[in-house]
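K.L.:
Below is the structure I would like to discuss, written out as structure tokens.
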Amino acid sequence: QVQLVESGGGLVQAGGSLRLSCAVSGSRFSINVMGWYRQAPGKQRERVAAITSAGNTNYADSVKGRFTISRDNAKNTVYLQMNSLKPDDTGVYYCNQEVLRFGELLNYWGQGTQVTVSS
């Protein structure tokens, strides 16, 4: 049973920082792509950052230079360090794991954690 549990969200003023964590169980964490997504009210869910098993990263243009994704395979945990936060960063942040099985790409999701950035 694959489970992803996010933590670290909260309320922060513009310019502040937060660090999100996602603990994964029930899957081979070290070989799978991990990502962070967010969804603001009235908008579709968008990918913020992703990291491969080799440590290669990818970021949305809106967060480049401000957010950093990392993973600790020994702890089965992925992190999202968010600096210089803006009100537009407000939303529910979800942890994601991609798993390829017999030609089908599966996505597992956490329950989400709320991030609110005030002006």
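K.L.:
Checking the conditions here, which among Q1, Q81 is under 19 Å from S118 (Cα atoms) and either among the acidic types (D, E) or in contact (Cβ under 8 Å) with a residue 24 or more places away in the chain (or both)?
P.N.:
Checking each option against the conditions leaves just Q81.
K.L.:
What about V117, is it part of a strand (DSSP E or B), in contact with a Pro (Cβ under 7 Å, 6 or more places away or on another chain), within 23 Å of A14 (Cβ to Cβ) and of a type in the set (V, I, T)?
P.N.:
So V117 fits the description; yes.
K.L.:
Please enumerate the residues belonging to region 92-106 that are of a type outside the set (D, E), out of contact with any Gly (no Cβ under 9 Å at 6 or more places or on another chain) and in a strand (DSSP E or B).
P.N.:
Across region 92-106, the qualifying residues are V99, L100, R101, L105, L106.
K.L.:
State all residues of region 1-20 that are open to solvent by 30 Å² or more (accessible area, probe 1.4 Å), in a strand (DSSP E or B) and not hydrophobic (A, V, I, L, M, F, W, C); if no residue qualifies, say none.
P.N.:
Listed by number, the residues that qualify are Q3, S7, Q13, R19.
K.L.:
Out of everything in region 87-98 that is touching a helix residue (DSSP H, G or I) at 6+ places or on another chain (Cβ under 9 Å) and over 13 Å from V24 (Cα atoms), what residue ends up being surrounded by the fewest Cβ atoms within 10 Å (Cβ to Cβ)?
P.N.:
This residue is D88.
The values are calculated or read from the model by the stated rules, or taken from the named source; none is laboratory data. Note that this is a predicted model, so its numbers are computed, not measured. Note that each Cβ is placed from the backbone with ideal geometry, even for glycine, and that neighbours are counted across all protein chains shown. In case anyone asks, the SASA skips ligands and DNA or RNA and just uses the protein heavy atoms, side chains included. Shrake-Rupley method; radii C 1.70, N 1.55, O 1.52, S 1.80 Å.
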